[in-house]
1. Being farther than 16 Å from His68 by Cβ, among the small types (Gly, Ala, Ser) and free of Cβ contacts under 8 Å to residues at least 40 places away in the same chain is the filter here, so list the residues in region 104-151 that pass it.
2. Please go through region 8-54 and pick out each residue that is in a loop (DSSP other than H, G, I, E, B), charged (D, E, K, R) and modelled with pLDDT of 95 or more.
3. Of all the residues that make up region 63-83, how many are closer than 15 Å to Val131 by Cα and either in a loop (DSSP other than H, G, I, E, B) or charged (D, E, K, R) (or both)?
4. Checking Cys85 against (1) under 22 Å from Ser16 (Cα atoms); (2) at pLDDT 95 or above; (3) of a type outside the set (S, T, N, Q): exactly one of these is not met. Which one?
5. Taking strands (runs of 3 or more DSSP E) that do not extend beyond region 85-185, which have at least 3 residues that are among the aliphatic types (A, V, I, L, M) and surrounded by 20 or more Cβ atoms within 10 Å (Cβ to Cβ)?
6. Checking the condition within 16 Å of Thr87 (Cβ to Cβ) and among the aliphatic types (A, V, I, L, M), which residue from Ile139, Ile130, Ile100, Ile121 passes?
7. Can you tell me which residue within region 92-136, out of those that are modelled with pLDDT of 95 or more and small (Gly, Ala, Ser), is farthest from Ala24 (Cα to Cα)?
8. Just to be sure I understand the filter: pairs with C-beta atoms under 7 Å, separated by 6 or more residues or on different chains, first member in region 153-173 and without any contact (Cβ under 8 Å) to a residue 12 or more places away in the chain, second member surrounded by fewer than 16 Cβ atoms within 10 Å (Cβ to Cβ) and hydroxyl-bearing (Ser, Thr, Tyr). Which pairs pass?
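The values are calculated or read from the model by the stated rules, or taken from the named source; none is laboratory data. Here the structure is a predicted model, which means the values were calculated and not measured. Counting neighbours? That spans all protein chains shown, and the Cβs are built from the backbone with ideal geometry, glycine included.
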Amino acid sequence: MGKIILVTGGARSGKSSFAEQFVAKHGSRVGYIATSKICDEEMEYRVKLHRERRPAEWKTFEAPENAHKVIAEHGQVYDMFLFDCMTIYVSNILSTVRDIDDFDANYEIVTGKLKELIAAILGSDATVVIVTNEVGSGIVPNNRLAREYRDLAGLANQLLAQAADRVFLVVSGIPVDIKRLAEEI
């Protein structure tokens, strides 16, 4: 049965570096699920930095919207995947919706994709380390689309954290296993 490890935190908190080190330490056959679409020079630079940090033997899978298919197809071959990152993934899914103003439908689409991903992971033999961002920790955005994105990213994080074996919060480069610290209700 597959496992989920969620790595969350703010922008530039050290999430990806921690996740890369974790996967390198615990995985022997590693797949990297890249969710970013290169749409400008800044994103191209970010992707370049991530590529340079990864070991050459890690197999990269480009999956901006259908990562569950990668896990379903390769989850018996690789013992560990690094999925970077969930908040970009949610943004990519939102960019495909028919009506950005239909929050109920968009909620169903995003949660449906997440449920497919979680089911694929749990049905595999792999551990999947998912990097995400805590986008809701700042001020409330002043426009409806940004609020919808923030809300859906937060819901995605909750669904993943609930299914995860471990959840790390990374602050200033320091990881804390918050699921182990959480009080059972």
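1. Residues satisfying the conditions are Ala105, Gly136, Gly138, Ala146.
2. Result: Arg29, single match.
3. Total meeting the criteria: 2.
4. Going through the list (1) under 22 Å from Ser16 (Cα atoms); (2) at pLDDT 95 or above; (3) of a type outside the set (S, T, N, Q), Cys85 breaks only (2).
5. Hits in region 85-185: 127-131.
6. Criteria check complete, one pass: Ile130.
7. Filtering first and then ranking leaves Gly112.
8. Pairs found: none.
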